[in-house]
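One structure is given below, encoded as structure tokens.
The values are calculated or read from the model by the stated rules, or taken from the named source; none is laboratory data. For clarity, every value in this text was computed on a predicted model and none was experimentally measured. A quick note on method: Cβ atoms are made from the backbone with ideal geometry, for glycine too, and the neighbour counts reach across all protein chains shown. Just so you know, the surface numbers come from the protein's heavy atoms only, side chains and all, with ligands and any DNA or RNA stripped out. Shrake-Rupley method; radii C 1.70, N 1.55, O 1.52, S 1.80 Å.
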Amino acid sequence: MDLGIHGKRALITGGSRGIGRACVVELAREGADVCVVGRDATLLAAVVSEAASFGVRAVSVAADLSQFEGCKAAFDACVTALGGVDILINNAGAATTGPILDLPVEAIQDAMNLKSFGYLRMAQLCIPSMRANGWGRIVNIAGGAGTSPTAGNMPTSIANAAVLNITRALSDAVAKDNILVNVICPGLTNTDRARTLARGQAERRGVDVEVVVAEMGRSLPARRIAEPEEVARVAVFLASEAASYVHGSSIYMDGGARRATP
Ligand SMILES: NC(=O)c1ccc[n+]([C@@H]2O[C@H](COP(=O)([O-])OP(=O)(O)OC[C@H]3O[C@@H](n4cnc5c(N)ncnc54)[C@H](OP(=O)(O)O)[C@@H]3O)[C@@H](O)[C@H]2O)c1
């Protein structure tokens, strides 16, 4: 299948590690130019080098996306280096966990600043030029927690619930402009974040964090957690010409964990 994104210009937030990094590599493999956003300059340089090995233009920008100024700097850097943005992968996230009865509401605010408001701000910055070009793709990476709140995951579940709502509303606003806005809700995925999420339980039980991650995987219908490349391949499809009639959809990819239908 021809994905039709050779030469498209992609901005990937949180592209220095994990799912975002895998998106950068898969987009570059398909011939898209990439602008990678994160905060760690060393990690950014490494992923830019790997992306450039596919013969595409690859640049990075270090920016804190929890503030408007960081979002604007990331957008401006992409426009300066690549000439515009055709594909936006909103992926940067870093929510904490903790029991709701003791949770400082600032933890929720922080998660929303980066993820909910960061994703919306990046979309607002990118959409005018996508509209002008008559083509655009926005893929938001949310998470199953957005529809599965627990007493311990409020920051991430509220931030992800907001992303689901933002996705639907943005899609309604721009579908007529040939701009597709969709959201992926991954389940537990083999990244630094998965180990962060498992650490509390590992410490309470006095076992290695990898033991907890493996157990979490075995509890799923698929009997394992996802690899970042598996999420990235779905993101690249949604970012492609091939997804041309997928508007405002939420794709759950969690190894079969989700009980709700659909
Ligand atoms: N892994 C999972 O199990 C899982 C499950 C469901 C949903 N998700 C979602 O998938 C997305 C990616 O998760 P991941 O597991 O790949 O996470 P990760 O490995 O921790 O990577 C997070 C990325 O976001 C960047 N980032 C964090 N804070 C930032 C900030 N303030 N400004 C700019 N960039 C920032 C990080 O770069 P720097 O630290 O260098 O800035 C890094 O590139 C997140 O939105 C997460 O909520 C993950």
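Quick one: what are the phi-derived ³J(HN,Hα) couplings along the stretch 155-165, Karplus 6.51/-1.76/1.60 with θ = phi - 60°, whole Hz, x for glycine and proline?
These are the phi-based 3J(HN,Hα) values: x, 6, 6, 5, 4, 6, 4, 5, 5, 4, 5 Hz.
Roughly speaking, to the nearest percent, how much of the chain's 1.4 Å accessible area is carbon and sulfur?
54
Amide H neighbours of SER60 under 5 Å, at least 5 residues apart or on other chains, H built in the peptide plane: list them.
Amide H neighbours of SER60, under 5 Å, 5+ apart: VAL36.
Cysteines without a disulfide-compatible partner in the chain, using Cβ under 4.7 Å as the rule?
CYS23, CYS71, CYS126, CYS185
Can you tell me which of 120-132, 181-193 comes out highest on packing, and rank the rest after it, using the mean Cβ neighbours within 10 Å?
Highest to lowest by the protection proxy: 181-193, 120-132.
Once the piece of chain linking GLU227 and GLU215 is laid out straight, how much longer is it, given 0.36 nm per residue of separation minus the C-alpha distance between them?
2.8 nm
Starting from the 7 Å offset along Cα-to-Cβ, what nm value, one decimal, do you get for the label separation of ALA46 and VAL246?
2.9
Determine ³J(HN,Hα), in whole Hz, for all residues of the stretch 7-23 in sequence, where each value follows from phi through the Karplus function 6.51 cos²θ - 1.76 cosθ + 1.60 and θ = phi - 60°; x replaces Gly and Pro.
Going residue by residue, I get x, 5, 10, 10, 10, 10, 8, x, x, 7, 9, x, 4, x, 4, 5, 5 Hz, with x marking Gly and Pro.
Mind checking the per residue accessible area of the chain for me, 1.4 Å probe, whole number of Å²?
45
Calculate, in nm to one decimal, what ASP2 and ARG29 gain on full extension: separation in residues at 0.36 nm each, minus their alpha carbon distance. All intermediate terms of the calculation are to be shown ahead of the outcome.
On the way: separation 27, 0.36 × 27 = 9.72 nm, distance 1.25 nm.
That pair, ASP2 and ARG29, stretches by 8.5 nm at full extension.
Taking the Cα centre of the chain as origin, work out the dipole magnitude from +1 charges on Lys and Arg Cβ and -1 charges on Asp and Glu Cβ, in debye rounded to 20.
Using Cβ point charges on Lys, Arg, Asp and Glu, the chain gives about 360 debye.
Counting Lys and Arg as +1 and Asp and Glu as -1, what is the net charge of the other residues whose Cβ lies under 10 Å from the Cβ of GLY4?
Residues close to GLY4 contribute a combined charge of -2.
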